[in-house]
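Q: For reference, the structure I am asking about is given below.
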Amino acid sequence: MKKNTWVNLGFQVGALVLALLITTLILVAAGAPPLKAYLSILSGAFGSTRNVVAVLITWSPLLLTTAGVLITFAAGLWNIGMEGQMTLGAIFATGMLRLFEHAALPPALIIILGILAGILGGAIWAALAGALKTFGGVNEIFGGLGLNFVATALTIYLVFGPWKRPGVGSMSGTQPFDQALWLPTLPGTELSIWSLVISVLVIALVYLLLRGTHFGLRLKAVGKNSKAAFLMGVPTWQYSMFAFLLCGAFAGLAGGIQVMGIYHRLLPNISNGYGFLGLLVAMLINYQALWAAPIAFLFAALNTGSVQLQIIYKLDSSFAGVLQDLLVLLVLLGEGARQRFIKKN
Amino acid sequence: MELNTLLVGLAGVLAAAAPVLFAVIGETITERAGIINLSLNGTVLLAAMGGFTIAYKTGSVPLGFLAGMLIGAIVALVIAFSSITLKQSQVAVGFVLALACRDLAYFLGVPVLNQSGPRLPGWSIPVLKDIPVIGTLFFKQDLITYLSYLIIFLAWLWIFHTRPGLMLRGIGERPAAAFVRGANVNRMRYIYTIIGGAIAGLAGPAYSLSVKAGWMGTQSGLDGIGWIALSITIFGGWNPLRAAFGAYLFAFLQWLGLVLQSKLPGIPTQVLQVAPFPLMILTLLLVNISDAEWVSRMLAAMPERTRRALMKLLRALRASPPASLGVPFESE
Amino acid sequence: MNVELKDIYKTFGAVRANVAINLTIPAGTIQGILGENGAGKSTLMKILSGFFRADKGQILLEGQPVIIQSPADAIKHGIGMLHQDPLDFPPMRVIDDFILGRKGNLPMGQAEAVQDFKKLAEQFSFSLDPETYVDSLTVGERQQLEILRLIWLGARVLIFDEPTTGISAAQKEKLFAALRLLASQGKAVLFVSHKLEDVEGLCSSVAVLRQGVLVGEAKPPYVTKQLVEMMFGKAISVGARNPCGVEKEIVSLSKLSVEDYRLKVRDVSLTVHCGEVIGLAGMEGSGQGLFLRAVGGMTRTVGGKILIDGRDLTGRSYQTFKAHDVAFLPAARLEEGLVPGLNLTEHFILAEEPKGFFINWEKGRLLAQRRISEFNVRGTPANTVESLSGGNQQRALLALLREQLDLLLLEHPTRGLDIESTIYIWSKLKLRCKQGMSIFFVSSDLEEILQYSDRVMVFFSGKVTPPIEAATLTTEKLGELIGGKGWPTKPGEQVSESTSGKGA
Ligand SMILES: Nc1ncnc2c1ncn2[C@@H]1O[C@H](COP(=O)(O)OP(=O)(O)O)[C@@H](O)[C@H]1O
Ligand SMILES: [Mg+2]
């Protein structure tokens, strides 16, 4: 037992070191001094209060999408449609706000309605993917991907069409909302305490749901062995469908918060890759919700910090992605190698 | 529209379909052996960037194509190694690779971003080009487009009309049965995954050195093509001819979107460009729906003649994957 | 070709599938390999055909030792095997399946292949259309295709693993004629079966395997009693009955019919009282499994009625059956019964009716702890189920059953378990029967059937005997019935208690 723990740790550290080694080589190939580049990422993430705030702003939606995919992964599903679900959340929230922008309602109520609309939008989009899978036999990966593209098109259509700014529509999005309808932020920053609190609550909720409830346990049973779960009396397809709905609701919530807390308008590409990133975080933490917060924070820091690379070294900020992807890839490969190693010994 | 404009437009469709075709044919071969290469979207982007960079640096277009194939083969090797040797989930590894290669392409592509570089020159085939209609349509293209026609038929011939191709089908269908007939299943799976990856890798340079020469990063208009190719593979029922039909249909619809653009100014370009995606979902639905339980229940309740007709239709649309797609094989 | 197997050993984990097996098969003969399910017949044949590698031992052809590491090697040496579950390609055309695996030029050479195919088919008087698809063929026709293919590949040693399962009488005649023809051509033929009748009628010598060991060989004229004894071991005493005391009908089946794509079980009528144990005997795939699942609402019935505790549940879902105190324990413990990756505590919580929203882990752990010790499971509540041994998995499955049950359906309750676990598990089951639960169980272990059933139904190719009092049965009689002997040949005639009683 003891020895195995060391072996496991060895493979994990090995994966990490190898990932760093490869990214270092990539940096060299791109003509950047590796050590300085890493340091500038670090300072870009934590160098100033402003930077830390920027990390927190990224952390919040990432936590939400991670929370969502933890649910679908638990049910044995690959919800690649997160991006689209988030986008639909943003669209619904924007729609709701536009509807009541000039109504004589208290702003707080409109904000709450907006958030609820976001949740609804995400859930509907996820339900579509779920229904395609359950009733149409369309693999959730392809259904989800297709719906992602459709969601993007829908945003662009709205931004350039019915919801375009007075004058001409542009990629910079719809007309910003009245300031009264913004999620309140910390003075002098763009950080909304509300969004932070909600995200942390949601990931805590998912942790509890998967760890401590009958629902979570049954969901896991469906994901790991749906035949046995069925024989034990779990209504299997209903649980899969519900997992989709819940995941979509979280994604929609993230989309709604992007609109109301950060951009205050609908933008093309509002999901910003958070859905895919959430999948990566979930894979890296081996689907253990407990680790979601710190690892999502690390990923958020990488994303924020690598913006510096772009400014200083004229490198593309996709470097953060490269590092994250390679890390997950090597951890997966390391896990395979570990199992082989243990089997051989 | 004048006939000649139409012909030139359609010839453009044939050329524009080449990258999708390579990706689809490569994936079809890989999946025939029972392995899913889900990294396609990343592979194509990285190969496009890599191929253009090499051609730009060396001034040699053929080297650019070679680089694309090599990149495709290497990514495929990682998939094969992780799924066959390390027994990891093909979906997980493929998905991460799809993201990794994409990010890598954007990161490493900065030096050649928006640079003008070499491209594959057009080359009309003598004699054939003078055939009315057909000449303009098919034979006033460039070499890679001709290769794309060829690869459809080569792949089709190989899979359905050669002995090793028969074994390939067997390996994806029922590896244990192929094994008792003397095949080294896992070695063949490695080989076909790598070959399929190399062919899919051609899709990159086919774009960045021919269809739309150059590397424009996120503005290349290439992102997403790999995912489309994956669904066209399903639509194509793992048959190169039907898959080619899907690829051409896709390119045609995109072209149609551009043409309609001028007629419908109210709709932004991007919207028409994604028109194929809902269509893709719809086709996947049609291809798969006959397997759903409620469909058979509904069919059973219908009057005999309607039922017969509907079942016939569904069966024609239906495409069943190689039975062991994604399932690892161990001989003991 | 003369074949010799020398001192062959093969183990799978703790299962000793083949132990020190020595066997010689002269060219031009049909060698029978007889044994009950799990005896190790298929394993031995797969070793000869290169599908498995032996742990130890040697294979000699014409007296020369050969190394067979893979099916490719076996084909090279002229050894071909028709697997129990035909290893062909259902979605392909017959001719494609025929060609697949044959060495040759790049083109498939379909024209010549069709010619050869037709010639060979004629030689064996098989009528197969090379252009149809394999999945449209019957099991018998698929076998014929495999036979032609193996001959075409140049096989001189032919292995047939349970070829008579699932084929019609006419096809069987054809098959036997083909096998005799092959032997007369000087090929060595190995015929694996659990059916006494087939082996007796066909083979020039029979080797009997039991639990991985070659227990004996016999030559014609065969003495059925002796073969049965070798197959199943000595007859054993029948266990004591313990009815529950109350006369209450738990299950009542009237003219129940079920079918799947290969089997039809027709018109089974039966009434079962509380505490009764009904053993369903028969070789794998004879219809007993189908029947069992139908009684649990997992397979749709095509006719008749099922009453559980007086309520008509015909055509209802498994969930409804479950709600009416019916439970089912599948044979594939890790595939269908338990959830790998979850631990025992989690299983116990899953099996309970969920109370409230949150799990009370402490209560769950205590429950798991109590049940684990009650059922003697070697493991802790925190152990994942896949880390338990087979016997402990089965105990865990029993421990997971709800307290209140009217009917328990079991598939191979003690398959792969050691004696101690077997006895333990049955003592627990019998205890529950005393409390009023009835049991249906499928088993291929004759002793288990005789020892623990009150009444027995024997299945053979979808045919069913009426329930027979176990007390009037013997292993010999049961073995014969399972092997297809002693069944009525005329429609009206029945296997009845009185005929079976004579054997006792
Ligand atoms: N691939 C395998 N892995 C593990 N155990 C096996 C495997 N094949 C067979 N066995 C076990 O070996 C024993 C003999 O099986 P088999 O040779 O199939 O018996 P038979 O053909 O006589 O019914 C059985 O206990 C079976 O469970
Ligand atoms: Mg067998």
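The values are calculated or read from the model by the stated rules, or taken from the named source; none is laboratory data. Keep in mind that this is a model prediction, so the values were computed, not measured. Reconstructed Cβ throughout: ideal geometry from the backbone, glycine too, with neighbour counts over all protein chains shown. The protein model used for the area step is the full one, side chains on, heavy atoms only, and it has no ligands, DNA or RNA in it. Shrake-Rupley method; radii C 1.70, N 1.55, O 1.52, S 1.80 Å.
Q: Per residue of B:274-284, what is the mean number of Cβ atoms on other protein chains within 10 angstrom of that residue's Cβ?
A: Average neighbour count from other chains, rounded to a whole number: 6.
Q: From the Cα trace of the range A:71-194, what convex hull volume per residue do you get, rounded to a whole Å³?
A: Cα-based convex hull of the range A:71-194, divided per residue, equals 135 Å³.
Q: For chain C, which semi-axes, largest first and in whole Å, follow from the square roots of 5 times the eigenvalues of its Cα gyration tensor?
A: Gyration-tensor ellipsoid for chain C: 43, 26, 24 Å.
Q: Looking at chain C only, what percent of DSSP beta bridges run antiparallel? Nearest 5 please.
A: 55 percent
Q: Continuing with this model, one more query. List the aspartates and glutamates whose Cα lies under 16 Å from the Cα of C:LYS76, skipping any in the same chain that are fewer than 8 positions away.
A: Reachable aspartates and glutamates: C:GLU62.
Q: Identify all lysines with a Cα-Cα distance to B:LYS57 below 22 Å; exclude those on the same chain that are fewer than 8 residues away in sequence.
A: Reachable lysines: A:LYS314, B:LYS212.
Q: While we're here: 5 Å is the cut-off here: which amide hydrogens, built 1.01 Å from N in the peptide plane, fall below it relative to C:ILE359, excluding neighbours closer than 5 in sequence?
A: Those lying under 5 Å, H to H, from C:ILE359 are A:THR213, A:HIS214.
Q: Once you compute Rg and the Kirkwood Rh from C-alpha atoms, what is the Rg to Rh ratio for the range C:338-401?
A: Taking Rg over the Kirkwood Rh, I get 0.94.
Q: So what does log10 I(q)/I(0) come out to for the range C:17-102 at q = 0.14, 0.16, 0.24 Å⁻¹, using the Debye formula with one equal point on every Cα and no solvent?
A: -0.59, -0.75, -1.38
Q: For B:GLY94, what charge total do you get from the other residues with a beta carbon under 14 Å from its beta carbon, if Lys and Arg give +1 and Asp and Glu give -1?
A: Neighbour charge sum, excluding B:GLY94 itself: -2.
Q: Within the range A:238-345, report the trypsin sites (Lys or Arg not before Pro) that DSSP leaves as loop and that have at most 16 other Cβ atoms within 10 Å.
A: Sites meeting the loop and neighbour criteria: A:LYS314.
Q: Follow-up question, since we're still on this one. Can you list the HN-Hα couplings for the range A:299-313, worked out from phi with the Karplus curve (6.51, -1.76, 1.60; θ = phi - 60°), rounded to whole Hz and with x for Gly and Pro?
A: For the range A:299-313, the Karplus curve yields 5, 4, 5, 4, 4, 5, x, 6, 4, 4, 4, 5, 6, 7, 9 Hz.
Q: Further question on the same structure: How large are Rg and Dmax for the range A:49-313 when calculated on the C-alpha trace, in angstrom?
A: 18.4, 61
Q: As a check on your grasp of the helix formula, calculate [θ] at 222 nm for chain C: sum -39500 (n - 2.57) over DSSP H runs of n ≥ 4, divide by the residue count, round to the nearest 500.
A: -9500 deg cm²/dmol
Q: Output wanted: per-residue J couplings in Hz (rounded whole) for the range C:305-316, from phi through Karplus 6.51 cos²θ - 1.76 cosθ + 1.60, θ = phi - 60°, x for Gly and Pro.
A: Those phi angles translate into 10, 10, 10, 10, 6, x, 9, 7, 10, 3, x, 7 Hz.
Q: While we're looking at this one, here's another question. Which of the pairs A:LYS224/C:LYS434; C:LYS6/C:LYS174; C:LYS174/C:LYS463; C:LYS118/C:LYS187 have their Cα atoms more than 27 Å apart in this structure?
A: A:LYS224/C:LYS434; C:LYS6/C:LYS174
Q: State the antiparallel share, in %, of DSSP beta bridges confined to the protein assembly as shown, rounding to the nearest 5.
A: 55 percent
Q: Once you treat every alpha carbon in the range C:3-232 as an equal point and sum by Debye, what is log10 I(q)/I(0) at q = 0.08 Å⁻¹?
A: At q = 0.08 Å⁻¹ the computed log10 ratios are -0.29.
Q: Okay, moving on. Expressed in whole Å with the largest first, what are the equivalent ellipsoid semi-axes of the range A:208-345 derived from the C-alpha gyration tensor as the square root of 5 times each eigenvalue?
A: With the √(5λ) rule applied to the range A:208-345, the semi-axes are 33, 25, 11 Å.
Q: For the residue pair B:ARG315 and C:ARG370, what label-to-label distance in nm results when each label sits 7 Å from Cα along the Cα-to-beta-carbon direction?
A: Reported label-point gap for B:ARG315 and C:ARG370 is 5.8 nm.
Q: State, to one decimal in nm², a quarter of the convex hull surface area for the C-alpha atoms of the protein assembly as shown, i.e. the direction-averaged projected area.
A: Over all viewing directions, the protein assembly as shown projects a mean Cα-hull area of 52.2 nm².
Q: I've got another one for you. Per 5 Å bin from zero, what fraction in whole % of the C-alpha pairs of the range B:3-240 is there, up to the bin with the longest pair?
A: 1, 7, 14, 18, 18, 15, 12, 8, 4, 2, 1, 0
Q: Per-residue counts of other Cβ atoms within 10 Å, averaged by peptide: what ranking do you get for B:49-59, C:468-478, highest first?
A: Descending mean neighbour count gives B:49-59, C:468-478.
Q: On average, how many beta carbons from a partner chain sit within 10 Å of the beta carbon of a residue in B:213-224?
A: Mean shielding count: 1.
Q: How high is the relative contact order of chain C, in percent, counting Cα pairs under 8 Å that sit 6 or more residues apart?
A: Computed value for chain C: 15 percent relative contact order.
Q: What number, in percent, do you get for the relative contact order of the range B:3-240 if the mean sequence gap of Cα pairs under 8 Å and at least 6 apart is divided by its residue count?
A: Dividing the mean separation by the residue count of the range B:3-240 yields 43 percent.
Q: Could you report the accessible area of C:TYR9 in Å², rounded to 10, computed with a 1.4 Å probe on the protein chains as they sit in the structure?
A: Its accessible surface works out to 70 Å², give or take rounding.
Q: If packing is taken as the average count of other Cβ atoms within 10 Å, what order do A:209-218, A:297-306, C:348-357, C:266-275 fall into, highest mean first?
A: Put in order of decreasing packing, that is A:297-306, A:209-218, C:266-275, C:348-357.
Q: State, in square angstrom and to the nearest 100, the accessible area buried between chains B and A, both chains counted, probe radius 1.4 Å.
A: For chain B against chain A, roughly 3700 Å² becomes buried.
Q: Please work out the C-alpha center-to-center distance from the range C:113-162 to the range C:305-323 and express it in whole Å.
A: 45 Å
Q: Based on the mean of other beta carbon atoms within 10 Å per residue, what is the order of B:202-214, C:370-382, C:283-295, most packed first?
A: Taking the mean over residues of other Cβ atoms within 10 Å, the ranking is B:202-214, C:283-295, C:370-382.
Q: Taking all protein chains as present, what is the carbon and sulfur share of the accessible area of chain C, in % to the nearest whole number, probe 1.4 Å?
A: Solvent-exposed carbon and sulfur of chain C make up 51 percent of the total.
Q: For Cα pairs less than 8 Å apart in space and 6+ apart in sequence, what is the mean separation divided by the residue count of the range A:160-270, i.e. the relative contact order in percent?
A: 34 percent
Q: Shielding by partners for A:208-214, please: the mean number of other protein chain Cβ atoms within 10 Å of each residue's Cβ.
A: The per-residue average across the peptide is 4.
Q: Show B:MET69, C:MET92 ordered by accessible area, largest first, where the area counts protein heavy atoms only and the probe is 1.4 Å.
A: B:MET69, C:MET92
Q: Ordering B:MET188, B:MET298 by accessible area with a probe of 1.4 Å, largest first, what comes out?
A: Sorted by accessible area, descending: B:MET298, B:MET188.
Q: Just how much of C:ASP135 is accessible, in Å², when a 1.4 Å probe is used and the result is rounded to the nearest 10?
A: Counting only protein heavy atoms, the figure is 100 Å².
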